[in-house]
Amino acid sequence: MVNKPSIMILGTDHFEKSAVHDYGKTEELDIFSQRKQLEIGNVITCLKGYSPTKIVLEYPLKHHFKLTEEYREYLAGNFELSANERHQIGFQLAKELGHSNVFAVDWNEEESGLDIFGYMQKHETHSSKQIFRDIEKMIAKANEKSHTTTIREYLLFLNETQQVRNNHQLYMDIAMIGENDNPIGAKWVANYWYYRNLLIYKNIKSLACDNDLLLVIYGVGHVHLLNQLVLEGDSFTIANVRDYLVCMSTN
């Protein structure tokens, strides 16, 4: 009997802050400290319990060849990992599982004329001010968690149902920005954010073969929409990453 492929989505913070171009970003963690490396190892041990057959990363699909080359150089001992979560979790987990490749599925090319955050800063309203306050509050809470818990516990927090929903709510609030004759927020959410996630889902689905177990490692802001698309597409069975992150291996 042929089974549907399985998918599990791990929402993460971006550990390499120099590569983050989001409006708001969390504070730097010393990912290369001995303690944090042990914590990363703990996360990898937990995720191995899912036994993924493919590891899917937030990296442009059009540059998949570069990602593949980096990974192969890493396997050969000729590539130094950055703090980026695709290296710290994705590459290291793939190597431990004996994978010969990792997979890029991202698209991230904003449409011109849709600088939503620039627009909100220039056209201040009660709604836009509230969105900025909500972003700052969310970042402050994430900073507090990241500095007072282990990486595994921090990822558990980021992947809580309510936390994932709070992230998505920001995009729903942004969609309300603008006037009737210039609904720039709705345009940005539809033409950039939803479009991007639809393309990501399309690229993920194209990778999946019967009986595959896909682990998708992505910024936590994407998790709500990707889970929604996976559910509505009805092409996968869905594994909950929190069920695996609760493993009790020691740091």
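The values are calculated or read from the model by the stated rules, or taken from the named source; none is laboratory data. Since the model is a prediction, treat every value here as computed from it, not as a measurement. In this analysis, Cβ positions are derived from the backbone assuming ideal geometry, glycine residues included, and neighbour counts consider all displayed protein chains. What goes into the accessible areas is simple: the full protein's heavy atoms, side chains included, and nothing from ligands, DNA or RNA. Shrake-Rupley method; radii C 1.70, N 1.55, O 1.52, S 1.80 Å.
For a test of the definition: using alpha carbon positions, the gyration tensor, and the 1.5 limit on a/c, classify the range 106-149 as rounded, prolate or oblate.
oblate
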Query raised in the report: Which whole-number percentage describes the relative contact order of the chain, with Cα contacts under 8 Å and a sequence gap of 6 or more?
Result: 41
Requested in this report: Calculate, for the range 193-250, the solvent-accessible area per residue in square angstrom, rolling a 1.4 angstrom probe over the heavy atoms of the protein chains.
Outcome: 47
Requested in this report: May I ask you to evaluate 6.51 cos²θ - 1.76 cosθ + 1.60, the Karplus curve with θ = phi - 60°, for each residue of the range 203-211 and list the ³J(HN,Hα) values in order in whole Hz, giving x for glycine and proline?
Outcome: 5, 5, 4, 5, 7, 7, 10, 3, 6
Report summary line: Dividing the mean separation of Cα pairs under 8 Å (6+ apart) by the residue count of the range 37-155 yields a relative contact order in percent of 35
Report task. Pop a pseudo-label 7 angstrom from the Cα along the beta-carbon direction at both Q130 and D234 and give the gap in nm to one decimal. Result -> 3.7
Requested in this report: Keeping the other protein chains in place, figure out the carbon and sulfur percent of the accessible area of the chain, with a 1.4 Å probe.
Outcome: 50
**Report entry** Contour minus Cα-Cα distance for N182 and K122 (0.36 nm per residue)
**Finding:** 20.2 nm
Requested in this report: Search the structure for amide H atoms under 5 Å from the amide H of V216, placed 1.01 Å from N in the peptide plane, and list their residues when 5 or more places away or on another chain.
Outcome: M8, I9, L10, V56
Query raised in the report: Which links in K145/K187; K54/K205; K36/K202; K66/K205; K48/K202; K129/K187 stretch past 23 Å when you go from one Cα to the other?
Result: K145/K187; K36/K202; K48/K202
Requested in this report: Please work out whether the range 100-181 counts as rounded, prolate or oblate from its C-alpha gyration tensor, where a ≥ b ≥ c are the square roots of the eigenvalues and a/c under 1.5 means rounded, while otherwise a/b larger than b/c means prolate and anything else oblate?
Outcome: oblate
Report summary line: If one compares the long axis through the Cα atoms of helix 161-174 with the longest principal axis of the Cα atoms of the chain, the angle in degrees, nearest 10, works out at 40
Query raised in the report: Pulled fully out, how much extra length does the chain show between Y192 and I139, if you take 0.36 nm times their separation in residues and subtract their Cα-Cα distance?
Result: 16.8 nm
Report task. Obtain the nm distance between the two label points defined at E28 and T148 by a simple spin-label model: each point lies 7 Å from its Cα along the Cα-to-C-beta direction. Result -> 2.4
Query raised in the report: In whole Å, how far is the Cα centre of the range 188-216 from that of the range 37-76?
Result: 17
Query raised in the report: In the chain, which cysteines lack any other cysteine Cβ under 4.7 Å from their own?
Result: C209
